[in-house]
Amino acid sequence: MAKATVAAVVHPATGSRESVLLTRREVSPFKGCWCLPGGHIDDFEQVRDAVRREVLEETGLDFTPSTFVGWFDEIFPEHRFHAVVLAFSGPGSGTPAAQPGEVAEIAWFPLDEALAMPLAFNHNLVLQRHASSLLQ
């Protein structure tokens, strides 16, 4: 059965919406790959609460999910992984710091550079949708 997950396109609270925060995964699947902060929605947890919690747990930032980017299927039989991700964008405030256990590294990237990277899950599609919304 598919799991419900969240992903966050975090931009600096005081900067351009064309910079995004990525994390390098320390766990499988996609260990060692860059991705957007996010994760599973806990039982009985509201979606916006889940994305705020996941960003805080992984990056140390307070995240304000201001825009719904969209939903995306994430089906990877080779990893025995099936999820539906709900993606949000918004500002992150505070000082980013990789949280041990799940995140090996954390960094800000220009949006165009992040779009060119091979990201984990379907996060390239999430960033493409986010980027197209900035053009409208």
Got a number for carbon plus sulfur as a percent of the range 1-129's accessible area, 1.4 Å probe? 53 percent
Stretched fully, the stretch from Glu102 through Leu135 gains (0.36 nm per residue minus C-alpha distance, one decimal, in nm) 8.6 nm
In square nanometres, what is the average projected area of the Cα convex hull of the chain? 7.6 nm²
Only Lys, Arg (+1) and Asp, Glu (-1) charged, at Cβ; the range 1-115 dipole about Cα centre in debye: 40 debye
Just need the Rg to Rh number for the range 50-91, please, alpha carbons only, Kirkwood Rh. 1.07
For the chain: relative contact order, % (alpha-carbon pairs under 8 angstrom, 6 or more apart): 32 percent
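What is the packing order of peptides 106-113, 58-65, taking the mean over residues of other C-beta atoms within 10 Å and listing the highest first?
On the way: 106-113: 14.6, 58-65: 21.5.
Going from most to least packed, we get 58-65, 106-113.
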Rounded to the nearest 500, what is the 222 nm mean residue ellipticity of the chain from helices alone, with -39500 (n - 2.57) per DSSP H run of 4+ residues and division by all residues? -7000 deg cm²/dmol
Residue by residue, what Karplus-based ³J(HN,Hα) values in Hz, rounded to whole numbers, does the range 31-37 have, using 6.51, -1.76 and 1.60 with θ = phi - 60° and x for Gly and Pro? 4, x, 8, 7, 7, 7, x
Skip the ligands, DNA and RNA, and give the accessible area per residue of the chain with a 1.4 Å probe, whole Å². 52 Å²
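The values are calculated or read from the model by the stated rules, or taken from the named source; none is laboratory data. Bear in mind that the values here come from a model prediction, so they are computed numbers and not experimental data. All Cβ positions, glycine included, derive from the backbone under ideal geometry; neighbour counts span all protein chains shown. What goes into the accessible areas is simple: the full protein's heavy atoms, side chains included, and nothing from ligands, DNA or RNA. Shrake-Rupley method; radii C 1.70, N 1.55, O 1.52, S 1.80 Å.
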